[in-house]
Amino acid sequence: MPAGAIAATFNLASSQILAAGRVDLLTKVELLFQPFRAVLIVIAALLFNTTMACALALVAALVVQLPMVYVAKGRCVPNDYRALLGGLWHSAQVSVACLALPAALAVLASNGRGTPMGVLAFVAAIVSCVGCWLLAVVRLRHPLSSDTVFERLTAPWLRRVRRRPGD
């Protein structure tokens, strides 16, 4: 999951570089980075013999790739790091808010034994995550909450949530 979170911060930057017609920049970044990633993951696999080591090597590799992609993007489209960090901060708040309850359910369902949760607890965790995500996007004023498609899809539900007792 951490690798996906890191990659999500620059996946669209690669598309933007391509859209700007600078295939050469993206090709250079990939030619530099892909062998590094492969070597790092293979070394982790050989040294530690665990999939967790490989996953952590991927995270480390993506942390190295992150600035490389933004430097390349900055050569064809200016970077607005303040806006990027602001958006990431909003998303991090929403992530923490929507994952807190499912994480608590997972801990309670395992009873400290480290066993996986049952199907019913898993479904409850999914439902709580989706509900908390919707509430967090609206209450924390994530930029997505002002998107017209989001507003249209959630309008019936949000009217019920926003009503106050006695209205």
Checklist outcome for this item: Note on the stretch 108-140: residues loosely packed, with under 12 Cβ neighbours inside 10 Å and not in a helix (DSSP H, G or I) are ASN111, GLY112, ARG113, GLY114, THR115, PRO116, GLY118
Next on the checklist: Which pairs turn up if I take residues in the stretch 77-93 that are within 18 Å of SER15 (Cα to Cα) and look for partners that are surrounded by 12 or more Cβ atoms within 10 Å (Cβ to Cβ) with beta carbon separation below 7 Å, at least 6 apart in sequence or on another chain?
Outcome noted: VAL77/GLN16; VAL77/ALA20; ASN79/TYR70; ASN79/LYS73
Checklist entry - Can you tell me which residue in the stretch 5-52 is modelled with the lowest pLDDT, limited to those that are closer than 16 Å to VAL64 by Cβ and not in a helix (DSSP H, G or I)? => result THR9
Next on the checklist: Please go through the stretch 38-73 and give me each residue that is surrounded by 12 or more Cβ atoms within 10 Å (Cβ to Cβ) and within 17 Å of SER14 (Cα to Cα), ordered by number.
Outcome noted: ALA61, LEU62, VAL63, VAL64, GLN65, LEU66, MET68, VAL69, TYR70, VAL71, ALA72, LYS73
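The values are calculated or read from the model by the stated rules, or taken from the named source; none is laboratory data. These numbers were taken from a predicted model, which means no experiment stands behind them. Ideal geometry is used to build each Cβ from the backbone, glycine not excepted, and the neighbour counts take in all protein chains shown.
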